[in-house]
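Trainee: Please see the structure below; I have some questions.
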């Protein structure tokens, strides 16, 4: 942290990055750090670059922010947040090539420690938690809007405080954030208690596709692209569906394979801790933590499911019972 605060103090032109198709923790940690620096230091020029689609669900996070401006000819420093590797920044990786100082801030177990400075802790629930701890340690002021962003990054990455990544420190951080002026109940309701009819229908179809392997210890679900048009749902409506698989009593690993576009799939993985899904996702050029991970891959749903099961099944002892599909 000392080297990080020194690098920020000595840099005038800073670029911030996160992973392709960012989630709430990626976006909120990025903009929170940007605004912490802007509010606590004078004469800092800060650009934010993000590759891929930002879901409509997160439009409110971007409301007062600018992303992907015309890049400067050079930057003194770059910060990559919530990203296990430079490759995961997508097309933005080219902007990092000539930056003298790259700071890597992340909580994923699969992080490659690619930075000049690496502020990485797998014990943190989220990257937003790390950003808060950084600001707190150096007594950097946090506004109500920054606290709101940090809160929603933590609440979404912990699945409303139910994930195994939750620690005593996380509870202390959240407790302190809740002393700021913002409607935290409204945030919880927005992410976890507001299901449209389309999302409910999509959940029903996903559950109909549920398959069990290794005596119910592994579950998979599939959502073909055609369902989005048929039901009138969007990719945002898939948020949280994978948790219905991991919440099953005997299940140790759950996966959902979502065909975002024809033959372009997003795979979300969950584990109860005995199988490291972060390492599995890394084999498919994705990443994550031991209990929550994801990757993207082109191909047919069934083929991706088979390839994925070939990686997962050897890691899970057979529990007896009949599988839906023998690998």
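Trainee: Of all residues in region 2-46, how many are assigned to a loop (DSSP other than H, G, I, E, B) and within 19 Å of residue 108 (Cβ to Cβ)?
Mentor: Residues meeting the conditions: 6.
Trainee: Can you name the condition, by its number, that residue 13 falls short on among (1) under 30 Å from residue 187 (Cα atoms); (2) touching a strand residue (DSSP E or B) at 6+ places or on another chain (Cβ under 6 Å)?
Mentor: (1)
Trainee: Taking residue 268, is it within 21 Å of residue 198 (Cβ to Cβ), without any contact (Cβ under 8 Å) to a residue 40 or more places away in the chain and part of a helix (DSSP H, G or I)?
Mentor: So residue 268 fails the test.
Trainee: Quick check on this structure: which one of 303, 241, 257, 231 is in contact with a helix residue (DSSP H, G or I) (Cβ under 9 Å, 6 or more places away or on another chain) and farther than 28 Å from residue 158 by Cα? Walk me through it before giving the result.
Mentor: Values: 303 fails: in contact with a helix residue (DSSP H, G or I) (Cβ under 9 Å, 6 or more places away or on another chain); 241 fails: farther than 28 Å from residue 158 by Cα; 257 fails: farther than 28 Å from residue 158 by Cα.
None of the other options fit; the residue is 231.
Here is a yes/no grid of residues against (1) assigned by TED's automatic domain parsing to the domain that holds residue 153; (2) over 30 Å from residue 194 (Cβ atoms); (3) at pLDDT 95 or above:
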{"residue": "32", "(1), (2), (3)": "yes, no, yes"}
{"residue": "44", "(1), (2), (3)": "yes, yes, no"}
{"residue": "52", "(1), (2), (3)": "yes, no, no"}
{"residue": "57", "(1), (2), (3)": "yes, no, no"}
{"residue": "65", "(1), (2), (3)": "yes, no, no"}
{"residue": "68", "(1), (2), (3)": "yes, no, yes"}
{"residue": "72", "(1), (2), (3)": "yes, yes, yes"}
{"residue": "78", "(1), (2), (3)": "yes, yes, yes"}
{"residue": "81", "(1), (2), (3)": "yes, no, yes"}
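Trainee: Checking residue 267 against (1) modelled with pLDDT of 95 or more; (2) surrounded by fewer than 19 Cβ atoms within 10 Å (Cβ to Cβ); (3) closer than 19 Å to residue 88 by Cα: exactly one of these is not met. Which one?
Mentor: (2)
Trainee: May I pose another question? Please verify whether region 121-138 includes one or more residues that are in a strand (DSSP E or B) and closer than 30 Å to residue 261 by Cα.
Mentor: Taking every residue of region 121-138 in turn, none turns out to be in a strand (DSSP E or B) and closer than 30 Å to residue 261 by Cα.
Trainee: Look at region 82-113 and say how many of its residues are in a loop (DSSP other than H, G, I, E, B), touching a strand residue (DSSP E or B) at 6+ places or on another chain (Cβ under 8 Å) and surrounded by 18 or more Cβ atoms within 10 Å (Cβ to Cβ).
Mentor: So the count comes out to 11.
Trainee: Can you pull out the residues in region 271-304 that are farther than 16 Å from residue 220 by Cβ, in contact with a strand residue (DSSP E or B) (Cβ under 6 Å, 6 or more places away or on another chain) and in a helix (DSSP H, G or I)?
Mentor: 278
Trainee: Right, another one. Does residue 79 fit the bill of being assigned to a loop (DSSP other than H, G, I, E, B), under 18 Å from the mean Cα position of the chain (by Cα) and touching a residue at least 60 places away in the same chain (Cβ under 8 Å)?
Mentor: No, not satisfied.
The values are calculated or read from the model by the stated rules, or taken from the named source; none is laboratory data. Everything numeric in this text was worked out from a predicted model, so none of it was measured. Glycine gets a Cβ as well: all are built from the backbone with ideal geometry, and neighbour counts include every protein chain shown.
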